[in-house]
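Asker: Take this structure first; my questions come after.
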Amino acid sequence: MADTYTVSRSIEIAAPPARIYEQIADFHNWTQWSPWEDMDPAMQRDYSGSPSGPGAAYAWSGNSKAGKGRMEIVSVHEPSDVKIDLAFEKPFKSRNEIVFAVQPTGTGSKVTWTMIGPKTFGIRLMSLVKPMDKMIGPDFERGLDRLKNVTEAAPEPA
């Protein structure tokens, strides 16, 4: 049995990689497309470090659905790759790696959102009821759909 789990989803977006990268590499933009932003209208957000790219950090604290945690961009290969260290504090402690891969296609870009995390005791227990892929995958799909809508609606840079 593997000691980690992986959840991954992809979508085609009719936009160049650079425009998509801007949405992902700047946590301030996540409020427009993250699937978790509407879980708690009163969620507290704290941005620190760089404005975007490596060193940019975002912490949140919300209701029981939103939980509490922190993300920090640890590396990028602009405009094709963003790696994020994700640490949940509530509802359970967990540390995960998030990777966004943006590949050019003939009509725009293919975006793949992947999360890799340890199969802690709590994760193993929850997975008996609902596997992580089924628990988180639909959120990734909703977030990618929102990212697609936001990015495709953005005006072309001047």
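The values are calculated or read from the model by the stated rules, or taken from the named source; none is laboratory data. If you're wondering where the values come from, they're calculated on a predicted model, not measured in any experiment. Quick reminder, even Gly has a Cβ in these numbers, built from the backbone with ideal geometry, and neighbours come from all protein chains shown. Note: areas computed on protein heavy atoms with side chains; ligands, DNA, RNA excluded. Shrake-Rupley method; radii C 1.70, N 1.55, O 1.52, S 1.80 Å.
Asker: What's the center-to-center distance, using Cα atoms, between the range 13-58 and the range 79-158 in Å?
Answerer: The distance from the Cα centre of the range 13-58 to that of the range 79-158 comes to 12 Å.
Asker: Give me the percent of accessible area attributable to carbon and sulfur for the chain, probe 1.4 angstrom.
Answerer: 56 percent
Asker: Taking only Cα atoms and a 10 Å spring cutoff, compute GNM fluctuations for the chain and point out the largest among K134, K68, K90.
Answerer: Result: K134 has the largest fluctuation of those listed.
Asker: Also, quick follow-up: Could you derive backbone 3J(HN,Hα) for the range 27-34 from the dihedral phi with the Karplus parameters 6.51, -1.76 and 1.60 (θ = phi - 60°), listing whole Hz in sequence and x where the residue is Gly or Pro?
Answerer: 4, 4, 7, 4, 4, 7, 9, 4
Asker: Mind putting together the pair-distance distribution for the range 1-72? All Cα pairs, 10 Å bins, whole percent per bin, short to long.
Answerer: The calculated distribution, bin by bin, is 16, 40, 35, 9.
Asker: If the only charges are +1 at each Lys and Arg Cβ and -1 at each Asp and Glu Cβ, what is the size of the charge dipole of the range 1-65 around the Cα centre, to the nearest 20 debye? Mind showing how you got there, number by number?
Answerer: Values: 4 positive and 8 negative charges, 7 e Å.
Its charge dipole is roughly 40 debye.
Asker: How much space per residue, in cubic angstrom, does the convex hull of the C-alpha atoms of the range 69-158 take up? Show your work: numbers first, answer last.
Answerer: Working: hull volume 11.1 nm³, N = 90.
Enclosed volume per residue, from the Cα hull, is 124 Å³.
Asker: Structure shown: which of K110/K134; K90/K110; K68/K110; K65/K148; K119/K148; K65/K110 lie over 26 Å apart, alpha-carbon to alpha-carbon?
Answerer: Pairs exceeding 26 Å: K90/K110; K68/K110; K119/K148; K65/K110.
Asker: Only one of the values [x] 1.67; [y] 1.21; [z] 1.03 was calculated from this structure for Cα Rg over 2.2 N^0.38 Å; name its label.
Answerer: [z]
Asker: Now for a separate question. Subtracting the Cα-Cα distance from 0.36 nm times the residue separation, let me have the gained length for R142 to I11 in nm, one decimal.
Answerer: 46.1 nm
Asker: OK, next. Quick one: putting +1 on the C-beta of Lys and Arg, -1 on the C-beta of Asp and Glu, what dipole do you get for the chain around its Cα centre, in Debye to the nearest 20?
Answerer: Using only the charged Cβ atoms, the result is roughly 640 debye.
Asker: Right, another one. Just to be sure I understand: with springs between alpha-carbon atoms less than 10 Å apart, which residue in S34, S48, S109 has the highest mean-square fluctuation in the Gaussian network model of the chain?
Answerer: So, out of S34, S48, S109, the one fluctuating most is S48.
Asker: Turning to a different aspect of this structure: Which Cα, out of A66, W113, W33, lies furthest along the positive dipole direction of the chain (beta carbon charges, K/R +1, D/E -1)?
Answerer: Of A66, W113, W33, it is A66.
Asker: Over the chain, calculate the relative contact order: mean separation of alpha carbon pairs under 8 Å at least 6 apart, over the residue count, as a percent.
Answerer: Taking the mean separation of contacting Cα pairs over the length of the chain, I get 31 percent.
Asker: May I pose another question? Which of W113, W33, W60 moves the most in a Gaussian network model of the chain with Cα springs under 10 Å?
Answerer: W60
Asker: Further question: Kindly report the accessible area of the chain per residue (heavy atoms of protein chains, probe 1.4 Å, no ligands, DNA or RNA), in Å².
Answerer: On a per-residue basis, 53 Å².
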